[in-house]
Structures are given as C-alpha cells and as structure tokens.
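K.L.:
So that we are looking at the same thing, I have put the structure below in structure tokens.
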Amino acid sequence: MPIPVRTEQPERKSATDQVYEVLSTWIIDGTMRPGETLNEAELADYFHVSRTPVREAILRLSQKGFVDVYPSRSTRVSQINARSIEDVFEAVGEVAASIGELACRKQKAGDIEALQAINEEFRQAIRQKHYEQMTPLDVRFHARLAEMADNRWLTSVFNDLSSHAHRYANLQFNKGENQMTSADEHQEIIEALKQKDIEKVRQASKANWYGYYQERLKDFIEKNYPEQPE
C-alpha cells in the first residue's frame, strides 16, 4: 500500500523515559512527599514494565537530585533542606534574569500577547482555586519566555533548576497563600517587556524567583521543614 507522507515525526518514548517523567512529575507536584520510599517492584507493576526501566529511571532521578539511593536498603524522595532551597532559587533567579534579557532583545510580534494570555489563564486558575492547573501554567509562562530568548543552553539549565524550584514552591504554593502575587509578578515582567526596558525585565524576572523565596517561601520552609538532612 502507498505510505502517506508524514508531516511530523511521532514522539517515541522509551519505558525508562515514561517512568521517569511520571515519577518526576509526582515528586515535583507533591504527590510523592519528601522521605517517601520508592519500591521498584510496586512501580514496575504499576507501569506494566520490568524492573530495568524503573531502576534506570530511579538512577536518573538520583542524578538530578530528586531521590536518594541507599544501596541494599531503600530509595527515598530527597528530603527538604533549607540551604539547598536557597541555592536553587538564587541560581534560577540569575538564569531567569538572563533569559528575560534575551527575551527582551529578541521579542517578536505576538510574543507579548501570548504571555498575557497565559498569565490571564494563571489568574483565572488562582481565582477558581484550581491548584492542579497553577504549576503547569507557571511552567508554560516561563517556557514561553525561554522560547523568546531562543538560547538552548540557558533553557536547559533553567529547566533543570526550575523543576527543583517548582517542587519546593509547591510545598507552600498549594496552601493557597499569596498566589495572586505570582501573577502580579508575571505582569511586571510583561510590562517591562512592552517597554523594552532590559534592566526592569532582569529585575522583575529575578524577583519572580529569588524574591518569591525570600518574601514567601523561606519562612514557610523554616517553620515546616527545620534542619532536614541532605
């Protein structure tokens, strides 16, 4: 039979990739809590795969810092450590500032409107208390900024850092406290982009991450997760 011309390559994911993506999502969104044990046999049964892709996914999670592996004992979701959290938000704030600068320099027609539409969806999710939509919409907003910046190296670093930042932020953000402030901070980034004010974009982008940690997350972590081990 004649084979139709394919316009898009199908997305092919290995069993390891599929297991990794689900487990990392569970850890980031808080489905799997700090200190929770990952059981290879149970996970293999859940995903209908052998233990090999589960083991490979866990190894990748360990390399990314999401889980701690104790040989011959157990594998657990990594604990919350206040110093590590500050380091993550400090770093992601700096990278976000650089992405914001490049986005400002390289912005094209339609970019501002796309960011505005995402942020309006974000506000609506907050108003309606649709917590499950908030982090995905925040991810979309920053992914659109990274797309505008058009620098794959910065995007790669940002994605690694922001996945940890979102995990930590979800501990507090899903409690329903000061969520609209994040949407307001997104709007400050948008307004600075409209003005093509690079310094304001850098400041607003950094504040959306490191400022959030200093003003809202730090106190929450210190009260609820004191002196947790690495």
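K.L.:
Find how many whole Å separate the alpha carbon centroid of segment 99-133 from the alpha carbon centroid of segment 28-97.
P.N.:
Each part's Cα centre sits 29 Å from the other's.
K.L.:
In whole Hz, what ³J(HN,Hα) sequence does segment 47-63 give by Karplus (6.51, -1.76, 1.60; θ = phi - 60°), x for Gly and Pro?
P.N.:
8, 6, 9, 6, 6, 4, x, 5, 4, 5, 5, 5, 4, 5, 4, 5, 5
K.L.:
Counting only residues 5 or more places away or on other chains, whose amide H sits under 5 Å from the amide H of Thr75 once H atoms are built in the peptide plane?
P.N.:
Those lying under 5 Å, H to H, from Thr75 are Leu38, Tyr70.
K.L.:
If amide hydrogens are placed 1.01 Å from N in the peptide plane, which non-local residues have theirs closer than 5 Å to the one on Val67?
P.N.:
Amide H to amide H, under 5 Å and 5 or more residues apart or across chains, Val67 pairs with Ser62, Ser78.
K.L.:
Can you figure out the FRET efficiency of Gln79 with Lys218, using R₀ = 22 Å and their beta-carbon distance, to the nearest 0.05?
P.N.:
0.80
K.L.:
Which ³J(HN,Hα) values, rounded to whole Hz and listed in residue order, are derived for segment 79-84 from phi using the Karplus coefficients 6.51, -1.76 and 1.60 in 6.51 cos²θ - 1.76 cosθ + 1.60 with θ = phi - 60°, glycine and proline given as x?
P.N.:
Once θ is set to phi - 60°, the couplings for segment 79-84 become 6, 8, 10, 4, 5, 4 Hz.
K.L.:
Here's another thing I want to ask about it. I need the shape label for segment 15-77. Rule: rounded when a/c is under 1.5, else prolate if a/b > b/c, else oblate, with a, b, c from the alpha carbon gyration tensor.
P.N.:
Details: a/c = 1.43, a/b = 1.15, b/c = 1.24.
In terms of gyration-tensor shape, rounded.
K.L.:
Oh, and also: Just need log10 I(q)/I(0) for the chain at q = 0.09, 0.15 Å⁻¹, Debye formula, equal scatterers on the alpha-carbon atoms, no solvent, rounded to two decimals.
P.N.:
-0.43, -1.06
K.L.:
While we're on this one: Applying a 10 Å radius around every beta-carbon, put 69-78, 134-143, 46-55 in order of their mean neighbour count, most first.
P.N.:
Final packing ranking: 134-143, 46-55, 69-78.
Quick note: the coordinates plus some simple rules give every number you see, no bench work behind them. Quantities reported herein were computed from a predicted structural model and do not represent experimental measurements. Here Cβ is always computed from backbone atoms with ideal geometry, including for glycine, and neighbour counts include all displayed protein chains.
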